[in-house]
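The values are calculated or read from the model by the stated rules, or taken from the named source; none is laboratory data. Please read all numbers here as calculations on a predicted model, not as lab measurements. Cβ sites come from the backbone with ideal geometry, for glycine too, and all protein chains shown count toward neighbours.
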Amino acid sequence: MSQSRSLLLLKWQAIAQITLGRREAALTCFDRMLALDEANAYALSSRAHLRALLEDRSGALQDYARLTALPQAQAADFFNQGFLQEATGQLEAAEASFRRALVLNDQLDRAWFGLGLVLMQRSRLDEAITALKRNTQLQPMSPYAWCELARIHVKRQEPEEAAKIIRHLQGFEPKVAAQLARETGINVKASPV
């Protein structure tokens, strides 16, 4: 059987194993795919994802390192790598991964959000605000970046800016706005409907 047919068969076997909830068996399929083609982006990405789901962050990061070294690496590959790096406290590496993702696709809202979180943790609040504002431009109805922006403004003792964000959130995420108001101690009147 040709290598391409073997790879395709293993791919479908892995998909079937995942469908049946047999993640370990799927990992074996991806291992076999990579034994045939060590630069198989699909197998690397899929194995990294499964490893992360199985709490093998070290293995997942190894796969993402191999994947992002490939010339065909995608913005999402760098985002996923950055996500795991941030989760494991590798903030400098996570920042680099998110920035690389944004070089490849500056419309990747998740990468802007991840970059904003990393910059917050690195106490680079002005840069974090820029990244989070970009996320809100790309995902205006998602409350996550709005909440982080409000938290930054509270930290910087800018309650009026945080209040503006809470009022904004009242328009489309009233429960989130109420939670944020309780968390920050900033009370604002509900926006008129």
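Test ALA25 against the criterion of being surrounded by fewer than 16 Cβ atoms within 10 Å (Cβ to Cβ) and either touching a helix residue (DSSP H, G or I) at 6+ places or on another chain (Cβ under 6 Å) or part of a helix (DSSP H, G or I) (or both), and give yes or no. Considered against the rule, which asks whether it is surrounded by fewer than 16 Cβ atoms within 10 Å (Cβ to Cβ) and either touching a helix residue (DSSP H, G or I) at 6+ places or on another chain (Cβ under 6 Å) or part of a helix (DSSP H, G or I) (or both), ALA25 comes out as yes. Does GLY114 satisfy the criteria of being under 30 Å from GLN157 (Cβ atoms), surrounded by 23 or more Cβ atoms within 10 Å (Cβ to Cβ) and modelled with pLDDT of 95 or more? It is true that GLY114 is under 30 Å from GLN157 (Cβ atoms), surrounded by 23 or more Cβ atoms within 10 Å (Cβ to Cβ) and modelled with pLDDT of 95 or more. Of all residues in the stretch 64-99, those that are more than 27 Å from ARG124 (Cβ to Cβ) and assigned to a helix (DSSP H, G or I) total 2. Checked against the criterion of being modelled with pLDDT of 95 or more and over 22 Å from the mean Cα position of the chain (by Cα), the stretch 45-65 has no qualifying residue.
Among the residues of the stretch 175-186, are any under 22 Å from ALA87 (Cα atoms), of a type outside the set (Asp, Glu), assigned to a helix (DSSP H, G or I) and in contact with a helix residue (DSSP H, G or I) (Cβ under 6 Å, 6 or more places away or on another chain)? Scanning the stretch 175-186 turns up no residue that is under 22 Å from ALA87 (Cα atoms), of a type outside the set (Asp, Glu), assigned to a helix (DSSP H, G or I) and in contact with a helix residue (DSSP H, G or I) (Cβ under 6 Å, 6 or more places away or on another chain).
Report those helices (runs of 4 or more DSSP H) wholly inside the stretch 118-171 carrying at least 2 residues which are under 25 Å from GLU92 (Cβ atoms) and in contact with a Leu (Cβ under 6 Å, 6 or more places away or on another chain).
125-138, 143-155
Scoring ARG47 on the criteria (1) closer than 30 Å to ARG134 by Cβ; (2) touching a residue at least 12 places away in the same chain (Cβ under 8 Å) leaves a single failure, condition (1). Please specify each residue of the stretch 38-63 satisfying the condition of being surrounded by 16 or more Cβ atoms within 10 Å (Cβ to Cβ) and either part of a loop (DSSP other than H, G, I, E, B) or among the hydroxyl-bearing types (Ser, Thr, Tyr) (or both). ASN40, SER45, SER46, ASP56 - these are the residues of the stretch 38-63 that are surrounded by 16 or more Cβ atoms within 10 Å (Cβ to Cβ) and either part of a loop (DSSP other than H, G, I, E, B) or among the hydroxyl-bearing types (Ser, Thr, Tyr) (or both). Taken as a whole, the condition of being within 29 Å of THR130 (Cβ to Cβ), in contact with a helix residue (DSSP H, G or I) (Cβ under 9 Å, 6 or more places away or on another chain) and free of Cβ contacts under 8 Å to residues at least 24 places away in the same chain applies to ALA93. Each residue in the stretch 129-151 was checked for being surrounded by fewer than 22 Cβ atoms within 10 Å (Cβ to Cβ) and under 16 Å from the mean Cα position of the chain (by Cα), and 7 of them qualify. The residue pairs whose first member lies in the stretch 150-178 and is without any contact (Cβ under 8 Å) to a residue 24 or more places away in the chain and among the basic types (Lys, Arg), whose second member is surrounded by fewer than 18 Cβ atoms within 10 Å (Cβ to Cβ) and not in a helix (DSSP H, G or I), and whose beta carbons are closer than 8 Å, counting only pairs six or more residues apart or on different chains, do not exist in this structure. Scanning the stretch 77-88 turns up no residue that is over 24 Å from SER46 (Cβ atoms) and buried (at least 19 other Cβ atoms within 10 Å of the Cβ).
Can you pull out the residues in the stretch 106-163 that are on the phi < 0 side of the Ramachandran plot and among the small types (Gly, Ala, Ser)? Those that are on the phi < 0 side of the Ramachandran plot and among the small types (Gly, Ala, Ser): ALA111, GLY114, GLY116, ALA128, ALA131, SER142, ALA145, ALA150, ALA162, ALA163.
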